[in-house]
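Participant: Sharing a structure below in structure tokens format, with a few things to ask.
Throughout, read-outs are computed from the coordinates displayed, never taken from laboratory work. It should be emphasised that the depicted structure is a prediction, and the values quoted were computed from it without experimental measurement. When we count neighbours, we look across all protein chains shown, and the Cβ atoms used for this are built from the backbone with ideal geometry, even at glycine.
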Amino acid sequence: MTEHSASFGFKDVDPAEKPNLVRGVFDRVAGRYDLMNDVMSLGVHRVWKDMCAARLNPQPGERIIDCAGGTGDIAERLAKLARAAKRRRGGPDAEILIVDYNAEMVAKGMARGLSREIAWSVGDAQNLPLPDASADAYVISFGIRNVTDISRALREARRVLKPGGRFLCLEFSRPPASAIRALYDAYSFKVIPGMGQVVSGDRDSYQYLVESIRRFPNQDRFAEMMGEAGFKRFGYTNLTGGVAALHHGWAL
């Protein structure tokens, strides 16, 4: 990838082309996206998302941005935790705003009829339709690797967070142990695209998704990018041997 190109899986494309290419992928997989997450991860993605929501620790009255929120599985977890906190300490409802670039994914999520705390918007992680310093927390789950300019998306996340706001990013990553990495690569490239063909009739979209994971920066480099975007006290926790990582930072 050059300064004037963007990655789309293992291909380098014109940055202006990538949003439509990614939109096409998620248009095709929207109907079976949640099912495929279960199949691909053997259900482990649910544990990762539970950990992510618990780490965010939503509180009554907070405004939380769930960027690339898809069909709302992270947002629903956050809403339940915020309601539990409200029962303990009182206060107003939390507000959880899902912002996702793909209208098909948003439509699928809205059709699920999620919690009253959740609102929906079609929008771009690189140009959020929100004012500066307007959110208490920001979470993006398995979405940031699909944006055209990761650094720009991180700067936007920093922009919309209030002083003291917290940032979480759950993303597939790179296992540091070579044996785990070899098994993970074999499973990703030899099994997942075939699963996509069987479950959703779409091998190519899942081939892109596994390739996009390999093009994503490793844990240490992504942490550096968070610092470059203005986050403080940033770091990460490896999950399942580094198959995924939970990155965290503060807007200080």
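Participant: Within segment 77-115, find all residues whose amide N lies under 18 Å from a label point positioned 7 Å from the Cα of Thr237 along Cα-to-beta-carbon.
Facilitator: It comes to 77-79, 81-82, nothing else.
Participant: Name the lysines eligible as straight-distance cross-link partners of Lys232: C-alpha to C-alpha under 26 Å, and not fewer than 8 places from it in the same chain.
Facilitator: Lys49, Lys162
Participant: For the chain, the longest stretch holding no GluC sites (Glu not before Pro) located in a DSSP loop with at most 15 other Cβ atoms within 10 Å is which?
Facilitator: Segment 18-252 is the longest.
Participant: Nearest-5 percent of antiparallel DSSP beta bridges in the chain?
Facilitator: Roughly 45 percent of the beta bridges in the chain run antiparallel, per DSSP.
Participant: Give me the number: length gained by fully extending Asp204 to Val13, i.e. 0.36 nm times residue separation minus the C-alpha to C-alpha distance, one decimal in nm.
Facilitator: Value of the extension gain: 67.1 nm.
Participant: Could you give the length gained on full extension between Met110 and Arg46, defined as 0.36 nm per residue of separation minus the Cα-Cα distance, in nm? Don't skip to the answer; put the middle values down first.
Facilitator: On the way: separation 64, 0.36 × 64 = 23.04 nm, distance 1.98 nm.
In short, 21.1 nm is gained.
Participant: Sticking to Cα atoms, compute the Rg of the chain to one decimal and its Dmax as the biggest Cα-Cα distance, whole number, in Å.
Facilitator: 17.4, 52
Participant: Is segment 173-222 rounded, prolate or oblate when judged by the Cα gyration tensor, a ≥ b ≥ c being the square roots of its eigenvalues, rounded requiring a/c under 1.5 and prolate requiring a/b larger than b/c? If you can, show how the numbers build up before the last one.
Facilitator: On the way: a/c = 4.10, a/b = 1.73, b/c = 2.37.
Since a/c reaches 1.5 but b/c is at least a/b, the shape of segment 173-222 is classed as oblate.
Participant: Expressed as a whole number of Å, what is the distance separating the alpha-carbon centroids of segment 208-252 and segment 51-74?
Facilitator: Computed from Cα coordinates, the inter-centre distance equals 18 Å.
Participant: Ok, one more. Report the per residue volume, in Å³, of the convex hull enclosing the C-alpha atoms of segment 113-252.
Facilitator: Hull volume over Cα atoms, normalised by residue count, gives 130 Å³.
Participant: Now for a separate question. If a paramagnetic tag sat 7 Å from the Cα of Gln59 along the Cα-Cβ line, which residues of segment 101-122 would have the backbone N under 20 Å from that point?
Facilitator: From segment 101-122, the list is 117-118.
Participant: With a cut-off of 8 Å between alpha carbons and a minimum separation of six or more residues, what is the relative contact order of segment 6-251 in percent?
Facilitator: Relative CO of segment 6-251 lands at 21 percent.
Participant: Just the projected area, averaged over all directions, of the convex hull on the alpha carbon atoms of segment 26-165: how many nm²? If you can, show how the numbers build up before the last one.
Facilitator: Details: hull surface 33.0 nm².
About 8.2 nm², averaged over all directions.
Participant: Calculate the dipole size of segment 6-251 relative to its Cα centre from +1 charges on Lys and Arg beta carbons and -1 charges on Asp and Glu beta carbons; express the result in debye to the nearest 20.
Facilitator: Taking the Cα centre of segment 6-251 as origin, the dipole is about 800 debye.
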